[in-house]
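Report on one structure; see the data block that follows.
The values are calculated or read from the model by the stated rules, or taken from the named source; none is laboratory data. Since the model is a prediction, treat every value here as computed from it, not as a measurement. Quick reminder, even Gly has a Cβ in these numbers, built from the backbone with ideal geometry, and neighbours come from all protein chains shown.
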Amino acid sequence: MADLKVGVIGTGFIGPAHVEALRRLGIEVVAVAGPRSDSVAEKAARMHIDKYYATAEALIADPEVNVVHITSPNHVHHPQAKATLLAGKHVVCEKPLAMTSAESSELVKLAKEKKLVNAVNFNMRFYPLSHQARQLVQSGEIGEVYIVQGSYLQDWLLLPTDWNWRLEPQFSGEMRAVADIGSHWLDLTTFITGLHIEAVFADFATFLKTRQKPTQPVETFTGKLQTNLEYVEQPIHTEDYATVMLRYSNGARGVMTVAQVCAGRKNRPYYEIDGAKSAIAWDGERPNELWINHRERPNELLLKDPALLSPEARQFTSYPGGHNEGFPDTFKQLYTAVYRYIEAGDFNALPDFPTFEDGDRALRVGEAIFRSAKEGCWVDID
Ligand code: SOE
């Protein structure tokens with residue numbers, strides 16, 4: 001991968017996670033771009049990256065850059081991904097891919113026309129046990145899937161003084177918890193089951209109708225660390241909470257609850273998939289454990305150990321049993337798949353990572369969820 005040079009747009013919480021993961025694979029990050037020229041210089045220096053830009057456009061135009069990672073706020077994902085593709089460069093874009101399915105379908109089409117690699121950063125697929133769960137379900141070991149249930153809970157937006165750009169629709173879009181973390185849960189369970197969501201029924205709630213916006217910028221998750229800030233009261237219209245009922249293509253049913261106001265849940269995706277023969281369950285706070293549950297014999301607890309995993313799961317595992325792999329490792333494993341695909345250069349081969357098509361589908365599901373929450377009815381997925 002020597003000739004691949006990467007530029008990363010965004011130097012907040014997730015941007016550095018992309019940089020770190022790429023470096024663990026020996027992939028060179030030659031430039032970063034940030035929204036505020038003062039902090040991007042400091043962030044670049046902290047990451048030992050020589051080149052930095054005050055605008056995404058300048059980074060995309062850099063002739064040395066041939067792959068762009070987009071980790072900026074949601075509202076600029078579409079224009080930055082479009083500019084990257086038009087510049088003839090491969091792109092890895094954080095979720096959600098765009099603000100609307102009209103934008104995301106344009107990106108799918110353009111990437112196909114340009115024959116450029118395109119990925120959406122649904123990194124949770126790359127916990128080793130996510131691939132193991134997929135193999136268990138899709139090989140029929142738990143039988144026909146009846147129920148897909150679970151939640152994704154956090155607490156970093158619990159307090160009225162917790163603030164982030166995700167609370168502002170002009171940056172995040174018309175939804176918050178569903179777009180930010182619901183998209184992960186829906187992509188992960190779709191990846192594992194192979195089932196497509198056909199219809200949704202959603203209930204939203206905004207418990208904090210107003211919040212205190214700090215008078216200076218605050219990065220994701222860092223609000224908990226800051227004190228002595230000055231605040232301005234802001235009205236809030238996006239959802240703190242959502243529960244979504246799901247109907248799947250095989251007649252299975254599901255339910256997902258997402259919220260970022262759940263004290264003590266720091267970052268906890270959870271699913272249980274119940275089949276005709278057995279069930280599986282996974283807790284993101286214990287990502288190296290997978291429960292395999294039975295009716296007529298003792299339940300099993302599978303600990304992440306490459307020696308016990310399927311070949312599909314083993315290829316995305318780097319450490320032996322008992323050496324836990326977590327959140328940062330999922331970025332490394334995702335990029336292992338993406339950059340292996342770029343290196344192979346066969347753009348007709350089926351990608352083994354989430355692409356813009358997955359990002360586009362996620363937006364169509366999100367738009368149906370938003371409509372259902374507004375209209376109070378079942379909504380079919382377009
Ligand atoms: C905040 O909810 C956040 O950083 C998400 O935006 C990420 O996608 C998730 O992986 C962790 O939490």
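So the values come out like this:
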quantity: Some residue of segment 129-148 being among the hydroxyl-bearing types (S, T, Y) and not assigned by TED's automatic domain parsing to the domain that holds L208; calculated: no
quantity: In segment 241-275, the residues that are out of contact with any Phe, Trp or Tyr (no Cβ under 7 Å at 6 or more places or on another chain), part of a loop (DSSP other than H, G, I, E, B) and touching a residue at least 12 places away in the same chain (Cβ under 8 Å); calculated: S249, N250, C262, A263, G264, R265, K266, N267
quantity: Flag if W163 is in contact (Cβ under 8 Å) with a residue 60 or more places away in the chain, not polar (S, T, N, Q) and not in a helix (DSSP H, G or I); calculated: yes
quantity: Residue among L116, L136, L110 that is more than 15 Å from the ligand (Cβ to nearest atom), assigned to a loop (DSSP other than H, G, I, E, B) and more than 16 Å from the chain's Cα centre (by Cα); calculated: L116
quantity: Any hit, segment 156-165, residues being closer than 15 Å to H75 by Cβ, modelled with pLDDT of 95 or more and more than 13 Å from the ligand (Cβ to nearest atom); calculated: no
quantity: Residues of segment 276-315 that turn out to be in contact (Cβ under 8 Å) with a residue 40 or more places away in the chain, assigned to a strand (DSSP E or B) and more than 21 Å from the chain's Cα centre (by Cα), as a count; calculated: 5
quantity: Members of segment 90-107 found to be closer than 16 Å to P73 by Cβ, surrounded by fewer than 24 Cβ atoms within 10 Å (Cβ to Cβ) and away from the ligand (no atom under 13 Å from the Cβ), listed by number; calculated: M99, T100, E103
quantity: Candidate set: segment 5-30, residues that are under 24 Å from W165 (Cα atoms) and assigned to a strand (DSSP E or B); chosen: the one farthest from the ligand (Cβ to nearest atom); calculated: G7
quantity: Test: residue in segment 357-370 that is assigned to a loop (DSSP other than H, G, I, E, B) and not assigned by TED's automatic domain parsing to the domain that holds I27; calculated: no
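Conditions tested, residue by residue: (1) part of a loop (DSSP other than H, G, I, E, B); (2) away from the ligand (no atom under 16 Å from the Cβ); (3) within 21 Å of the chain's Cα centre (by Cα).
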{"position": "T317", "(1), (2), (3)": "yes, yes, yes"}
{"position": "Y339", "(1), (2), (3)": "no, yes, yes"}
{"position": "I342", "(1), (2), (3)": "no, yes, yes"}
{"position": "F347", "(1), (2), (3)": "yes, yes, no"}
